[in-house]
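Shown next, in structure tokens, is the structure this report addresses.
The values are calculated or read from the model by the stated rules, or taken from the named source; none is laboratory data. Keep in mind the model is a prediction, meaning the values are calculated, not measured. We place every Cβ from the backbone using ideal geometry, glycine too, and count neighbours over all the protein chains shown. The accessibility values were calculated without ligands, DNA or RNA, using every heavy atom of the protein model including side chains. Shrake-Rupley method; radii C 1.70, N 1.55, O 1.52, S 1.80 Å.
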Amino acid sequence: MRDHTGAHPDAAQGRGSDSQFPERQQIDAAQLPVDIDGADDNAADAPPPAHVQWRYVALVAAGGAAGTGLRQGLSLLFPPPGEEGVPFIIAGINTFGAFVLGFLLQSLLSRGDDTGWRRALRLFGGTGVLGGFTTYSALATDAALLLHHHPAGAVGYALGTVLLGAAASFAGIAAGTARNRKENQ
């Protein structure tokens, strides 16, 4: 909030002066920490970030289409039993996807930096396929529909799926870690 002169209202009353609040004084840029990714964002030769490179965008889109198609196919093969039935296939999809994502990311992490084929696999398989395969929006919709017939069941379904997904993620990370240790021995 500033007055018509552009000054902060506290400055007129002496509450915003730098002498009163030394933490507001200018900091020398040389005192700031180094960028942790090692890239100079202002360098002319720095590659553009992955999210604006068309090859990576295409990998995510193709993976997302494949994952979404796979989820839809499984949902059609295993529909919930009746209008009041619990859609366990969505819970299973989300739990399985969380495990695979934890495993994939841990496995890629142990193999080196997020560049080249590792980045391509992470974006295609992790962000794309598994991002399209898992679906917390369908989980929320299914829980809301279930809420009309079985309120306690809806809460249990939603909470249980999220907790199972978290446990599956940790299990996937642990499995990826164990696999990497075994390979490195």
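Within the range 70-86, restricting attention to residues that are part of a loop (DSSP other than H, G, I, E, B) and open to solvent by less than 50 Å² (accessible area, probe 1.4 Å), the residue that is nearest to A143 (Cα to Cα) is V86.
Residues of the range 134-153 that are open to solvent by less than 20 Å² (accessible area, probe 1.4 Å) and either more than 27 Å from A66 (Cα to Cα) or not in a helix (DSSP H, G or I) (or both): T135, L146. In the set G131, G156, G172, only one residue is of a type outside the set (A, V, I, L, M, F, W, C), part of a helix (DSSP H, G or I) and open to solvent by less than 40 Å² (accessible area, probe 1.4 Å); that residue is G172. Within the range 105-119, if we keep just the residues that are touching a helix residue (DSSP H, G or I) at 6+ places or on another chain (Cβ under 7 Å), in a helix (DSSP H, G or I) and open to solvent by 30 Å² or more (accessible area, probe 1.4 Å), the residue that is nearest to L74 (Cα to Cα) turns out to be L105.
Can L163 be described as more than 18 Å from A66 (Cβ to Cβ), open to solvent by 40 Å² or more (accessible area, probe 1.4 Å) and in contact with a Pro (Cβ under 9 Å, 6 or more places away or on another chain)?
no
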